[in-house]
Amino acid sequence: MEQHFEFDVALSFAGEQRNDVESVANCLRYSGVRVFYDEYEKATLWGRDLYQHLSDVYKNKARYCIVFVSADYVRKTWTNHELRSAQARAFEEKGQAYILPVRFDQTEIPGILATTGYLSYQAEGPEGICSAITQKLRLQEINSDSLSIKTASLGSATSTYSCDFSPRALINPANLDWTLYPNVIQANWSEEIELHFAAEDSSDEAAISQLRTYTGQVVVGYGFDVAIGTLKSAKRSSSGRKSTWILLIEPRQTDFADSFEHGVGTISADEFAARRARRLLLDEFPAPELGNVEPVATFNNAIMENSLLGLRSLAKIKQSIFPILYKELETSPDKFLEFGWISAVTNLKLSAAVETIERLHLSLEDKTLTVDFSGRRKKKYINVDPYRIEISGKLQFGS
């Protein structure tokens, strides 16, 4: 039976190389790889016995461990603790590669033979290392795990499906009546956004062909990043009936915070943003009726609703996106979660509910969606931590 791991890759490194390793971690994360990187796990590590917890991570919870070899690595107590745990796992693997060395220099690491194959950080860079590990994961036929979409049998009648990171992008041209959810093969997100994906059917081909001549603004989301930009090019390469596309998008806006937002009465702007997120994710705080009530109540309801929607937010959240998607994709629960995940991320940011998304876990069992979300709003003051929104709850579809 195939063993399932919490992480595809655990990263072990010295603090002196953090900036370089973080570039690798971000690339892996954007590629759909479940990566253990301490900065992503602050909430999990907080209050834990780190000695025991990290030993468990590096010995039991990852499919591979990337060790970033350097002179600094050898000197550190914690890196040596991580390495011992990884080496214990490597011994149990009986010849199967578990420790994957990436060298910053030629320092010898006790327990890693000089003949062990390695990658050079200087030669490969973050994208080369990221590409190598994603290829290695595919060769092990765990692509479904690396995309964090997995199915587990719960008896003969019920299955559960879960998603922590969607492999799909969201592409929505502002003046065209469609949204595309391509399955991304490779993504580069920096001064330019580059998405590689294969068209899944003829409707995808038609939509992208229409996009080629489109000159308006495009909303694009992938991973935890969202932007509004303009299309620079759409290139297609074909092999038989299969087509692969490369879209190049120039981002014009990536910050969607509303600097003019304000509270009403005892409800702060941050609390309205939390309500906005709960409406989007759990269909709570439904829009009030503005007709057939007395004028004063209508006026007050309108003020409260406008504040919840966000005065200058680009996405006005009037209901949850999940029931709408579920009606269309009830027979394809994996697609429902993939589409829903990236749609939620995109709308959480466009609506100015949060600036940073730390965690979005979706789980579907029968007709019940479980949501676990954590995000932070834009920092307002230097000496005050940004407002955090934590949401956990369930959404029921149908009877």
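Nothing in this text is a laboratory measurement; each read-out follows from the coordinates by a stated rule. Since the structure is predicted, the reported quantities are computational estimates derived from the model, not experimental observations. Note that we place each Cβ from the backbone using ideal geometry, even for glycine, and neighbour counts take in every protein chain shown.
Observations on the model:
- Listed by Cβ neighbour count within 10 Å, with the fewest neighbours leading, W178, W341, W189, W46 appear as W46, W178, W189, W341.
- Take the Cβ atoms of N60 and R359, set R0 to 22 Å, and the FRET efficiency comes out at 0.55.
- Whole-Hz Karplus values for the stretch 175-183 come out as 9, 10, 8, 7, 10, 9, 10, x, 7 Hz, taken residue by residue from phi with 6.51 cos²θ - 1.76 cosθ + 1.60 and θ = phi - 60°; glycine and proline positions read x.
- Here R103, R168, R18 are placed in order of increasing Cβ neighbour count within 10 Å, fewest first, which gives R18, R103, R168.
- Cα-based shape type of the stretch 166-229, given that a ≥ b ≥ c are square roots of the gyration tensor eigenvalues and the cut on a/c is 1.5: oblate
- Cut-off of 10 Å, at most 11 other beta carbons, DSSP loop: longest stretch of the chain lacking such GluC sites (Glu not before Pro): 290-399
- Selection among Q135, N188, G47 by position relative to the dipole of the chain gives N188 as farthest towards the positive end (Cβ unit charges, Cα centre).
- For the chain, taking a cut-off of 4.7 Å between Cβ atoms, the unpaired cysteines are C65, C163.
- Long-range amide H partners of R103 with built H, under 5 Å: V69, L119, S120, Y121
- Entry note, the chain: the mean residue ellipticity at 222 nm calculated from DSSP H runs of n ≥ 4, each adding -39500 (n - 2.57), is -10500 deg cm²/dmol after division by the residues and rounding to the nearest 500.
- Fewest-first sequence of R276, R138 by Cβ atoms within 10 Å of each Cβ: R138, R276
- Using a Förster distance of 25 Å, the FRET efficiency for S203-E250 (Cβ separation, nearest 0.05): 0.45
- Once the chain from R84 to W46 is taken as fully extended at 0.36 nm per residue, the excess over their C-alpha distance is 11.4 nm.
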